[in-house]
Amino acid sequence: MSAFLQRLKTSFARTADIVGRRLRQSFFLYLAAVFTVIAIVDAGSINYFGGMRQSTFDTMLRLRVNVPKPDPDIIIVDIDEKSLAAMAADYGRWPWPRQVLAEFLEKVETQKPKAVVFDVLFSDPDIQNPDSDAYFNSVIAGTGNTFFPMLRLDAGHDSLSSLLAKKVPGVAADDDAVQDATVAMIIPPFEATQRPGRLGTHNVYPDSDGVVRKYPVTINAHGWEIPSLPLAVAAAEGLRAGDLPEDLLLNWRGKPFTYHYVSFSDVYLDMLKEKPLRAGHEFTGKTIIIGSTAAGLLDVRGTPLDRQFPGVEILATAIDNLHHGDWLRAPEAKLFYLALALLIIWGTAFAFWKNGASNKLDRVYGFSQFVLLGFSYATVNVGNIYINLTGPVFIGALYFSVARIYAFATERVLDHSLVARMDASGAVLRGLMVVLRFRLETREEAAIARLAARIEREGKYDSSIEYVQGRQKGLWRLFENTLTLCWVHPADDGATWHLIRAEADAIVNDLERLVAEAGGTAALPLEAMIMYRAEGRIRGETPEDWQALLAAALLEKGDKPS
């Protein structure tokens with residue numbers, strides 16, 4: 001196995017060298033062109049990277065620091081397991097006779113609540129107890145602030161329905177509305193609920209991953225706009241559907257059970273007492289939502305905050321968002337996201353093409369992507385406009401990863417250092433090497449890098465400035481905080497060689513200024529530096545002469561800077 005892996009490693013290295021010699025730096029531009037096509041196709045049809053934004057959006061919502069508070073005037077009257085058990089002896093577990101809900105509504109209306117919203121679907125009349133239904137209907141008729149859900153069934157069943165779309169309470173016609181279209185819906189069987197503004201759908205549709213992120217404001221059926229239950233409640237306060245998006249991207253108030261809950265049985269049974277113990281103004285001016293969190297009634301959905309989120313609280317969130325106008329706005333802006341993705345791809349490609357791979361490029365790229373994701377996170381914390389940059393960041397990261405692998409695999413071929421270029425030339429040259437070694441207690445790679453860049457700007461002749469990167473162990477720790485400067489020139493050009501030696505002398509004599517301008521005086525004190533120097537002939541076809549020159553320099557007695 002080890003022999004096979006070694007052959008595989010050797011083959012990979014040879015292949016990388018062949019590809020590197022053929023494509024060299026141009027590979028980064030070719031790769032950018034390929035990713036440009038991928039980004040354009042994805043933005044136009046596939047939307048794979050757009051879909052990835054959903055999971056990041058969920059994560060950012062879960063990690064939000066500035067979470068909006070739930071409206072304290074929204075109270076959920078919960079038909080919970082406790083209520084089912086408490087009422088079972090007299091009314092059965094569920095469904096209860098409508099007179100129970102009628103009595104509750106009649107009692108609670110005396111406290112003058114702002115609205116009473118039922119998140120309980122009434123699909124059929126109670127044929128076993130018609131008087132109970134009649135009582136409920138009469139109580140509803142005596143109120144002007146009660147709202148009830150209706151359920152939009154699958155559109156594939158519309159042809160089987162006899163209900164004309166235009167007869168659905170609260171429906172509005174678009175320009176292309178089909179006049180004789182039928183629609184499959186479940187509408188409460190109580191005449192009093194048919195009054196304008198009383199009904200709305202409570203359908204919610206999860207995204208392709210099964211997570212509910214939006215609440216439909218209206219549902220279109222053959223050109224007819226059917227209002228949602230949150231819209232019906234909001235319309236009673238004067239909000240118009242024309243001012244709203246087709247779907248609300250819900251601005252969640254937190255984990256499940258964030259809103260104020262009271263158990264239905266606690267409230268109802270207290271109301272029946274001759275002297276109730278609960279406050280007589282408990283629901284005054286409040287929006288009451290009657291729904292269920294009981295596991296047996298199966299009204300739970302997956303949301304970004306929790307995979308078991310009560311449906312009644314999703315409705316409460318939509319009503320809350322409409323009341324405060326703070327639902328999340330997430331602009332589609334496909335062209336903007338595409339432009340940003342292309343900017344990241346081509347900016348990274350140009351950096352690779354111009355300078356090759358480097359630790360500096362890694363840091364700059366990583367920091368820039370962190371800033372972009374941080375900006376997205378900030379938008380979901382400081383306001384209700386969410387700019388989701390995950391797609392461009394991800395495709396940019398994918399490009400960077402492939403480019404970095406190529407740069408790593410072809411590192412030797414793409415090496416533009418002086419040593420690498422001279423090794424391939426075969427010429428007889430004269431080389432000059434200056435070694436600056438700082439004897440320090442700590443590794444100061446950043447300061448060494450700044451000094452190397454500053455010296456490189458100072459020189460006029462072809463040179464190479466190298467330093468050991470990364471943390472070293474054992475013998476190689478001796479080369480930390482070490483900087484080498486190399487010059488070469490044809491051996492028979494004595495005049496130019498004289499100028500090169502003068503340049504090396506000038507740099508050595510001016511080290512104090514160069515270190516200060518590089519901002520490394522504190523990290524690289526000159527008193528901790530030893531300088532070594534050597535020169536000799538270099539045969540370009542072999543690296544042994546370079547090794548000998550380095551050895552000769554280190555064997556020289558080191559000099560302190562003057």
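The values are calculated or read from the model by the stated rules, or taken from the named source; none is laboratory data. Predicted model only: the values in this text are computed from it and were never measured. Positions of Cβ are generated from backbone atoms using ideal geometry, with glycine treated the same way; all protein chains shown enter the neighbour counts.
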task: Restricting attention to the stretch 480-495, report how many residues are surrounded by 13 or more Cβ atoms within 10 Å (Cβ to Cβ) and free of Cβ contacts under 8 Å to residues at least 24 places away in the same chain.
output: 1
field: Yes/no for TYR215 being among the aromatic types (Phe, Trp, Tyr) and surrounded by fewer than 21 Cβ atoms within 10 Å (Cβ to Cβ)
entry: no
- prompt: In the list SER162, SER123, which residue meets the criterion of being surrounded by fewer than 17 Cβ atoms within 10 Å (Cβ to Cβ), within 42 Å of the chain's Cα centre (by Cα) and in a loop (DSSP other than H, G, I, E, B)?
  reply: SER123
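The rows are residues; the columns are (1) closer than 16 Å to TYR268 by Cα; (2) assigned by TED's automatic domain parsing to the domain that holds ARG278; (3) surrounded by 14 or more Cβ atoms within 10 Å (Cβ to Cβ).
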site	(1), (2), (3)
LYS69	no, no, no
MET87	yes, yes, yes
LEU101	yes, yes, yes
ALA134	no, yes, yes
task: Among the candidates ALA316, ALA294, single out the residue that is touching a residue at least 60 places away in the same chain (Cβ under 8 Å) and touching a Phe, Trp or Tyr at 6+ places or on another chain (Cβ under 6 Å).
output: ALA316
message: Against the definition (farther than 30 Å from ASP58 by Cβ, surrounded by fewer than 13 Cβ atoms within 10 Å (Cβ to Cβ) and among the charged types (D, E, K, R)), how does LYS286 come out, yes or no?
response: no
task: Find the residue count for the stretch 194-216, including only residues that are farther than 13 Å from LEU153 by Cα and free of Cβ contacts under 8 Å to residues at least 60 places away in the same chain.
output: 9
query: Residue check: is LEU372 out of contact with any strand residue (DSSP E or B) (no Cβ under 8 Å at 6 or more places or on another chain), among the hydrophobic types (A, V, I, L, M, F, W, C) and touching a residue at least 40 places away in the same chain (Cβ under 8 Å)?
result: no
- prompt: How about the stretch 59-79: which of its residues are over 8 Å from the mean Cα position of the chain (by Cα) and closer than 19 Å to TYR386 by Cβ?
  reply: LEU61, ARG62, LEU63, ARG64, VAL65, ASN66, VAL67, PRO68, LYS69
message: Exactly one condition in (1) within 47 Å of the chain's Cα centre (by Cα); (2) farther than 23 Å from ALA357 by Cβ is false for GLU503; which is it?
response: (1)
- request: Select from the stretch 277-304 the residues that are of a type outside the set (Lys, Arg) and part of a strand (DSSP E or B) and write down the one among them that is nearest to TYR377 (Cα to Cα).
  value: VAL300
message: I'd like to check something: does the stretch 271-285 contain any residue that is within 35 Å of the chain's Cα centre (by Cα) and either at pLDDT 90 or above or over 16 Å from PHE147 (Cβ atoms) (or both)?
response: no
query: Residues of the stretch 247-269 being in a loop (DSSP other than H, G, I, E, B) and touching a strand residue (DSSP E or B) at 6+ places or on another chain (Cβ under 7 Å), which ones?
result: LEU250, ASN251, PRO256, TYR259
- line: The one condition TRP96 fails out of (1) touching a residue at least 40 places away in the same chain (Cβ under 8 Å); (2) more than 43 Å from the chain's Cα centre (by Cα) is (1)
Residues located in the stretch 83-120, provided they are assigned to a loop (DSSP other than H, G, I, E, B), at pLDDT 90 or above and of a type in the set (D, E, K, R): LYS112, LYS114, ASP119
- prompt: In the list ALA181, ALA192, which residue meets the criterion of being out of contact with any His (no Cβ under 8 Å at 6 or more places or on another chain) and surrounded by 15 or more Cβ atoms within 10 Å (Cβ to Cβ)?
  reply: ALA192
query: Do the conditions hold for VAL204, that is, is it at pLDDT 90 or above, outside the structural domain of ASN384 (by TED's automatic domain parsing), farther than 27 Å from VAL178 by Cα and not polar (S, T, N, Q)?
result: no
